[in-house]
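Each remark here refers to the structure printed beneath this line.
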Amino acid sequence: MALALALPDESLIEALTPALRIQGLRKAFGARTILDGLDLEVEPGTAVALIGANGAGKSTLLRMLVRLIEPDAGQMTLLGEAVTELAPGPLRTFRRRVGIVFQRHNLVGRLSALSNVLHGVQARKSGPRTWLQALAPAADRAEALACLAEVGLADRALQRADSLSGGQSQRVAIARMLMQRPEFILADEPDASLDPRSGEEIMDLLYRLAKDKGLTLIVISHRLEHTIRYSDRIVGLADGRITLDRPSRQADPRHLRQFFTGRDHEE
Amino acid sequence: MSLPSPAVAVPRWDRPNALTFILTVLALAFLVWSFSNVGLSWERMQRGFPALGSILDRMFPPDLERLPQILRSLLITFQMALVGCVLGLILAFPLAILAADGLSPHPVIKQLARGLIAFFRTVPDLVWALLFVIAVGLGPAAGVMAIMVDKIGFAGRFFAEAMEEVDKGPQEALAAIGATRSGLIFSAVVPQALPSFIATSLFSLEKAVRGSVILGLVGAGGIGVELKVAFDLFDYDTAATIIIAVFLLVVLVEQVSNRVRKRLL
Ligand SMILES: Nc1ncnc2c1ncn2[C@@H]1O[C@H](COP(=O)(O)OP(=O)(O)O)[C@@H](O)[C@H]1O
Ligand SMILES: [Mg+2]
């Protein structure tokens, strides 16, 4: 009992440990340095917007967090794992804990929305019962349907994915990511191929989901207003380092604008 | 605005280089030699067409006396084609996965699978039939195996191509969350390739039905045996019945296959 009292509460430890810590991260493609000793810490449950000019290395950084791209040097700790040191087996297990939303939704068009969402369960299981909603165990079907409901598409469950609009498809992709039961969300321009309104809805949805579930979120968007509105903290990448870091509430669009150059963005 | 005046004369033809010229002459010479070598002559054709006419004459009216036996053989022929085709398609699928870019577990395995598919495809089904007649004896079983091997070669190639051509995005999304290879194949690749699989399968069946008639000629069972016997006995009016029955079967299978294709795709 005394021992238990002496130890800090588990949730307290979690709150004190950063969800993400990057130290001295470097990456060059050929002679071109993209990341030049980048440092960054993110507290659990924070929604971080990552901004930077076109080609600044935002996507590279995001992919590197799950080692879809290998860093040249530096340390990354994500969800308590030393990402850079993971062997292939543990890396796979680690990737399952990180949900990724890409610009392209990557759904299987000929399958129903529900089957596409069910595929997210393959982060935890394998076998024929993860291939199609019709074959899935009742519990997985119910969970997939609940994930669809969270993105507001429960009524489209049996509709073929290729009959959905761009915004709806991206929602299904987000539902599939939720089915994975992620502990951390990475989103690389999830709104890029959508009209401004659907794009804003997607940004709003991701932000709300992260807040509701207490997940940490790193999102890249090229729309200045959305970036400010749907994040807690804004981090700017330039010249391979973080050169801007402030709470979204205090962000001044005039200072941010320089990070959106080199791209014809709508606002 | 005036047309530019031509400053130089432009040749009508490219001047052939020596090698092209020699190869062209050799090819033409070979063609002429081929004509003389196959013994096709005007005189022979003059004799042949009336002979064909007299055979046709003796074919009509077709003799329906052996119709029940013919229909039974026709059914066996169709069943032989069906079973051979289904077995071939079932075996073609895993082989196609091993042969497909991006799905094959190892480059060496990929090359082996591709080699096997190409070998099955390039050796004609009649040769397979001759081999299997020796191996398993006369009868439909030999035909089934010949059709099976032929269809592995045919469908294996098209299945692999269909799987290589699908959008890679869904596969990558699943790979990123740690899905297994079978998960990728059955959730992301197969659903996208399905229309192509169905088209290939139906076409395989049509091909198998047409091919199965010939296989009987070398003793691999079915209606081909009846046809050979009828010709050997100069029983041309029975042969006519058989040919018409085969024709109707092939047309029927193609019609049904077209219907199915339209409904499913
Ligand atoms: N695999 C690669 N090989 C070579 N250069 C690359 C590769 N991936 C990205 N780059 C380059 O790195 C830079 C950063 O790319 P990226 O991270 O996609 O930028 P952002 O997402 O900020 O627009 C770009 O100049 C891009 O051309
Ligand atoms: Mg990018």
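Where a number appears in this text, it was derived from the coordinates with a stated rule and is not lab data. Bear in mind that the values here come from a model prediction, so they are computed numbers and not experimental data. When we count neighbours, we look across all protein chains shown, and the Cβ atoms used for this are built from the backbone with ideal geometry, even at glycine.
Quick notes on this structure:
- Value of Rg to Rh for chain A, rounded to two decimals, is 0.98; Kirkwood radius and Rg both from alpha-carbon coordinates.
- All-pairs Cα distance distribution in the protein assembly as shown, expressed in whole percent, bin size 10 Å: 3, 13, 18, 17, 13, 12, 11, 8, 4, 1, 0, 0
- Considering only B:191, B:68, B:11, the Gaussian network model of chain B with Cα springs below 10 Å gives its largest mean-square fluctuation to B:11.
- With the charge dipole of the stretch B:36-124 set up from +1 on Lys and Arg Cβ and -1 on Asp and Glu Cβ about the Cα centre, the Cα lying farthest toward the positive end among the listed residues B:49, B:117, B:38 is that of B:117.
- Longest site-free stretch - chain B; sites: chymotrypsin sites (Phe, Trp or Tyr not before Pro), DSSP loop, at most 15 other Cβ within 10 Å: B:14-233
- Vicinal HN-Hα couplings computed from phi for the stretch A:205-218 (Karplus, 6.51 cos²θ - 1.76 cosθ + 1.60; Hz; Gly/Pro x): 4, 4, 5, 5, 4, 4, 5, 4, 9, x, 8, 8, 10, 10
- Inter-centroid distance (Cα atoms) of the stretch A:21-54 relative to the stretch B:14-37, Å: 67 Å
- Our helix-only sum for chain A, with -39,500 (n - 2.57) per DSSP H run of n ≥ 4 divided by its residues, gives a mean residue ellipticity at 222 nm of -9000 deg cm²/dmol.
- Helix-only arithmetic for chain B: the sum of -39500 (n - 2.57) across DSSP H runs with n ≥ 4, divided by the residue total, places the mean residue ellipticity at 222 nm at -26000 deg cm²/dmol.
- Where a label projected 7 Å from the Cα of residue A:21 along Cα→Cβ would reach, residues of the stretch A:47-88 with amide N under 14 Å: A:75-84
- Difference of contour (0.36 nm per residue) and Cα-Cα distance, residue B:168 to residue B:21: 48.2 nm
- Stretching the chain fully between residue B:122 and residue B:135 yields a gain of 2.7 nm (0.36 nm per residue, less the alpha carbon separation).
- Point-to-point label distance, residue A:85-residue B:255, nm (Cα→Cβ direction, 7 Å offset): 7.4 nm
- For the options B:122, B:180, B:238, a Gaussian network treatment of chain B with springs between C-alpha atoms closer than 10 Å singles out B:180 as fluctuating the most.
- Cα pair distances exceeding 17 angstrom across the stretch A:154-222, given as percent: 41 percent
- Across chain B, the fraction of Cα-Cα pairs farther apart than 25 Å, rounded to a whole number, is 63%.
- Relative exposure of B:166, B:213, judged by other C-beta atoms within 10 Å (fewest first): B:166, B:213
- Residues B:106, A:226, A:255 arranged by fewest to most Cβ contacts within 10 Å: B:106, A:255, A:226
- Farthest toward positive dipole pole in chain A [+1 Lys/Arg, -1 Asp/Glu at C-beta], among A:127, A:54, A:102: A:127
- Ranked list, fewest to most other Cβ atoms within 10 Å of each Cβ, for B:229, B:246: B:229, B:246
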